[in-house]
Amino acid sequence: MKKKYLIPVALFLAVGILVSRDEAAADCVDWSGDSRPCTQVEQFDLCIEYAIDAADQRAERDDDTVLMRFLAFNADVAACGASFILPFV
């Protein structure tokens, strides 16, 4: 592995370890209106939607720099990706 990929891969794995599966769990509704556990793809979709919503809220506050908002959004997306991939590993 090239050295330039070492830090991003290490950060990705660290974020994945820190993400709790219980926090990512959500309830979805099936066709009959009953509550059921969400599938991995549904959880990933919800996580990305929440990351976008959080980024919008950060942009409205104006207390962060553009770089910090960019880094926070990418960390949120990385956490979503890690929580999606880790159950399969």
**Asked** Amide H of CYS28: which non-local residues (sequence gap of 5 or more, or other chain) have their own amide H closer than 5 Å, using H built in the peptide plane?
**Response** ARG36, CYS38
**Message:** Name the residue from GLN57, ALA82, PHE70 whose Cα lies farthest towards the positive end of the charge dipole of segment 27-89, charges +1 on Cβ of Lys and Arg and -1 on Cβ of Asp and Glu.
**Reply:** ALA82
**Message:** What distance in nm separates the two pseudo spin-label positions at ALA59 and GLU42, each 7 Å out from Cα along the beta-carbon direction?
**Reply:** 2.9
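Each reported figure results from applying straightforward, stated rules to the coordinates on display, with no laboratory input. Not measured: the values here are computed from a predicted model. We place every Cβ from the backbone using ideal geometry, glycine too, and count neighbours over all the protein chains shown.
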